[in-house]
There are 2 protein chains.
Amino acid sequence: MTIFLDDHLSIDWTTVRVDDQKLILTRKEFELLAMLSQNEGETMPRTVLLETVWGYRSGTRTRTLDVHIRRLRRKLGQFGEDYIQTIFGVGYRFVRLRPARPLQLSSPAAFAIGA
Amino acid sequence: MTIFLDDHLSIDWTTVRVDDQKLILTRKEFELLAMLSQNEGETMPRTVLLETVWGYRSGTRTRTLDVHIRRLRRKLGQFGEDYIQTIFGVGYRFVRLRPARPLQLSSPAAFAIGA
DNA sequence: TCCAGGTTGTAAAAATCTTGTAAAAGCCGT
DNA sequence: ACGGCTTTTACAAGATTTTTACAACCTGGA
């Protein structure tokens, strides 16, 4: 199973590719990132994430979501905070930073620039 | 039936060749290696391996998969752990360590370098 | 603006879960 | 019954997940 997020990010099971760099996620990190990225652009309330990824009913007092978000952001590197935004008082939102498909620079002229 | 994994590994029924050395697998070891190598590069979940190779329904508590993985790795020798990777919390993945076909250096010029 | 109260970020410890391994036990065909 | 293969057992070793405790942050109302 491969999920393509944008031309700089794809996921194959727990192996994620970011800008030609591979990184390994744990299972929960993967499930959380999958849930967020499959709803790209939408704000996912904490209650929903805790319900779907953890099976927690609302009212459960826990910090585990925050901790996982932190580890995901760190693994995503420099742009971690940009990929996963905090919506204060509600939840989190995953956004694409670049177009879903790479720009095609097929013309030889592209390589001639500056030559 | 012969399966070529890479230029250092091939399988012919229960006989496996690794770096010009032949080794004998038992039936279960063969079935497991076949299942993994036929899905080279993909993560095979434990549940899938237990279902296809053993016919176990998910929920069965057993360590037999781990034991077989261990014996396979040991028989594959030095690079056993590289050929069969553990995807923690999910399953295992077989990967090629070298190109599927050896590089052809047929030109005499290739041997002339440095001569 | 500033404060209070709730919310999120974070590091590190604790708890839980998964996998590795050796050795014993079980099974099956001869 | 014997020998080889497979499975279970019982821990050891390792990795992940959750909790804890506190710092930092945001927001609305005085």
*Is it the case that some residue within the range B:14-24 is in contact with a helix residue (DSSP H, G or I) (Cβ under 8 Å, 6 or more places away or on another chain) and modelled with pLDDT of 80 or more?*
yes
*Could you run through the range A:88-115 and say how many residues are open to solvent by less than 40 Å² (accessible area, probe 1.4 Å) and at pLDDT 80 or above?*
4
*For the range A:32-62, what are the residues that are of a type in the set (D, E, K, R) and either open to solvent by less than 40 Å² (accessible area, probe 1.4 Å) or more than 13 Å from DNA strand C (Cβ to nearest atom) (or both)?*
A:40, A:42, A:51, A:57
*How many residues does the range A:63-77 hold that are open to solvent by less than 40 Å² (accessible area, probe 1.4 Å) and not in a helix (DSSP H, G or I)?*
0
*Just checking, which of B:80, B:41, B:59 is away from chain A (no Cβ under 14 Å) and part of a loop (DSSP other than H, G, I, E, B)?*
B:59
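The values are calculated or read from the model by the stated rules, or taken from the named source; none is laboratory data. In this text the structure is predicted, and so the values were computed from the model without any measurement. Here the Cβ is made from the backbone with ideal geometry for all residues, glycine too, and neighbour counts use every protein chain on show. Surface accessibility is based on the protein's heavy atoms, side chains included, excluding ligands, DNA and RNA. Shrake-Rupley method; radii C 1.70, N 1.55, O 1.52, S 1.80 Å.
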